[in-house]
1. Being under 17 Å from residue 271 (Cβ atoms) and in contact (Cβ under 8 Å) with a residue 40 or more places away in the chain narrows it down to one of 199, 176, 183, so name that one.
2. State which residue is nearest to residue 45 (Cα to Cα) when the search covers only the range 165-190 and only residues that are open to solvent by 40 Å² or more (accessible area, probe 1.4 Å) and in contact with a Gly (Cβ under 9 Å, 6 or more places away or on another chain).
3. Do any helices (runs of 4 or more DSSP H) entirely within the range 153-263 hold 2 or more residues that are of a type in the set (A, V, I, L, M, F, W, C), and if so, which?
4. Just to be sure before I move on: is residue 162 touching a residue at least 12 places away in the same chain (Cβ under 8 Å), within 13 Å of residue 40 (Cα to Cα), surrounded by fewer than 19 Cβ atoms within 10 Å (Cβ to Cβ) and not basic (Lys, Arg) in the structure I sent?
5. Condition first: outside any helix (DSSP H, G or I), in contact with a Gly (Cβ under 6 Å, 6 or more places away or on another chain), surrounded by 23 or more Cβ atoms within 10 Å (Cβ to Cβ) and touching a residue at least 60 places away in the same chain (Cβ under 8 Å). Can you find one or more residues in the range 327-347 that meet it?
6. Report, by residue number, each residue of the range 268-327 that is among the hydrophobic types (A, V, I, L, M, F, W, C), touching a strand residue (DSSP E or B) at 6+ places or on another chain (Cβ under 8 Å) and closer than 17 Å to residue 384 by Cα.
7. How many of the residues making up the range 521-532 are closer than 18 Å to residue 445 by Cβ and surrounded by fewer than 16 Cβ atoms within 10 Å (Cβ to Cβ)?
8. Which residue out of 369, 361, 380 is open to solvent by less than 50 Å² (accessible area, probe 1.4 Å), under 27 Å from residue 125 (Cα atoms) and at pLDDT below 95?
Amino acid sequence: MRLLRRFALLWSALGVLGCEPVEPPVVTPDAGGAPLAYTVDRYDFAFDLTTRQAASRLWLDVDAGAWGCVSLPAPAEVTDVRWGDLPPASFRVTDGQLEVCGATPLKGPLWLDSRLSVPEATTPYTQVGFSRRLDAQGRPFTYLLGWLESCALFGPCDTAPGRLAHFTFDVTHAPGEVVLCPGSLSRRDETHTRCELLGTRAPTYSAFMIASHPAWKRTRLVDTDAGRVELYEPPGGLLGPEIDAAAVADFLVWMTARFGPLPYGPELRVASGRTDWLGMEHPANILLRDDLPLLPRAYANMTLHTLMHEIVHQWAGDRTTLANAEDYPWKEAVAEYLTYVFEDEHRSDEAATTLAYWDRLARTSSYYLRPRDTPAPPFLSFVNDIYGTGPMILLVQLESLLGRPQVLAGLQAFLAEPGVRSIEDLRHALETASGRSLQRYFDTWVDGEGEPDWPYLQVEWSQEDALTLTVTQRTQTGKVYPCEVELELQGAAPEERRRVTVSYGLEPESATARLTVEGPGWTVQQVVVDPRGRLVNRRSPGLVREPAPHAWRL
């Protein structure tokens, strides 16, 4: 292994530093063969931040001694394609697919080499790609950023969300530039930084990342047995003063006690940058938007909540990743939910604000968590719509029906091992932990077509010796949702308040549920539905629908 790593480093450095390229192979389109099954075990990626020249080596696990073709997503501009030590028998790029043909080695893996000039460009409405942006002081923040199904922007790559692999990065940069990339970090000299991600595997959507800034200064934020957190931020940055280091330390202890050590080593690097998103998880690295403390406070503590959310992704999203793009909701739901549970147990005032924000988002959602629309909704519209409904439906509402210990036990089993998980896998984990069937729940709350038909909850009551409450779910389609409804009874005086719950259970037979309450000793004048915002529901009177939000369509 050590010899292999030295060879990869030498080849990558030569590719980046601009040695004379090998002569391009002769392309013979008729020299193809049958498709070869393969998995990409490792990516060696060399990149020059100044010239944008990239060199890729992909290590493929294939059948030994076979003749055929490997097909991978790739840009049309890839050059210098090599099949092991030789030119391939043929190669071509058609409709975004690189087809390379030849004979596989009798022993050992097959590697594919190529080069690419990465454009300084990003995909619309995102920062995915390669970009340079000036911060408030006019200093350049440089970011090579992959995302779901987008790693082929940087060279041949298996873009399927459920692929996990090892990675190395060799980065050439200006003297003094501070560079971050996934895995263990080392600097060979003033112009070369290397990262190795050769232990726990990671998905391509988050592992393809290189970030740099000329003025980043490293500060030790947290140093505990649960892990170290290093903050990379220019002098005068806004993030450091906003981050409660003690709370981050407590959160790391809380997370590692439940889900094991940090997946990518004991050091976690957190850096500020001029980014579009609030934060982005990468193995052993987190990028946070540099003006996060100045944004409207959707959460009580925007910076701390976002940082904890991204920390959760080290386990939920990186070490354990998505089976398919449609499984994106579970990744964000788990990150939000575990952040909320920590807030609820340690910072209760912040938890209430988090629930209120999710509730506002959920009431105007445009899609179900697993849309069955034909055609499918634009992916960006869909994923930006799940940050309220995701944690509420997949986890918070199930706390009421199953109990928080059961939900947390389900998540511990779900995230116990590295690998690939789907929303269905989450359902099975929660069912096993609780001993309850959740098929009806997922059929109604998770899957659907068109604008979600969330229930409007109509409450009637009569009060004599006891208080009788009648709760009816009103929907456009007549669908009855499994749920538990919290109600706040209110009298004339401010102190006349009482909360009760009405449960439809997991297999409701009727849209109407009743509850008899002894007391309360004062006249009930109003009943507030879902006062803490723990249930996705419409609040328009009757069946008048809230206006649909403008969908973000590309």
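The values are calculated or read from the model by the stated rules, or taken from the named source; none is laboratory data. Quantities reported herein were computed from a predicted structural model and do not represent experimental measurements. No Cβ is skipped: glycine too gets one built from the backbone with ideal geometry, and neighbour counts run over all protein chains shown. When the accessible area is computed, the model is the full protein with side chains, heavy atoms only, and any ligands, DNA or RNA have been set aside. Shrake-Rupley method; radii C 1.70, N 1.55, O 1.52, S 1.80 Å.
1. Selected residue: 183, the only one of 199, 176, 183 that is under 17 Å from residue 271 (Cβ atoms) and in contact (Cβ under 8 Å) with a residue 40 or more places away in the chain.
2. 184
3. The helices (runs of 4 or more DSSP H) meeting that bar are 245-259.
4. In short, yes.
5. Within the range 327-347 (the criterion being outside any helix (DSSP H, G or I), in contact with a Gly (Cβ under 6 Å, 6 or more places away or on another chain), surrounded by 23 or more Cβ atoms within 10 Å (Cβ to Cβ) and touching a residue at least 60 places away in the same chain (Cβ under 8 Å)), the answer is no, since none of the residues qualifies.
6. The answer is 277, 278, 280, 322.
7. The total comes to 0.
8. It is 380.
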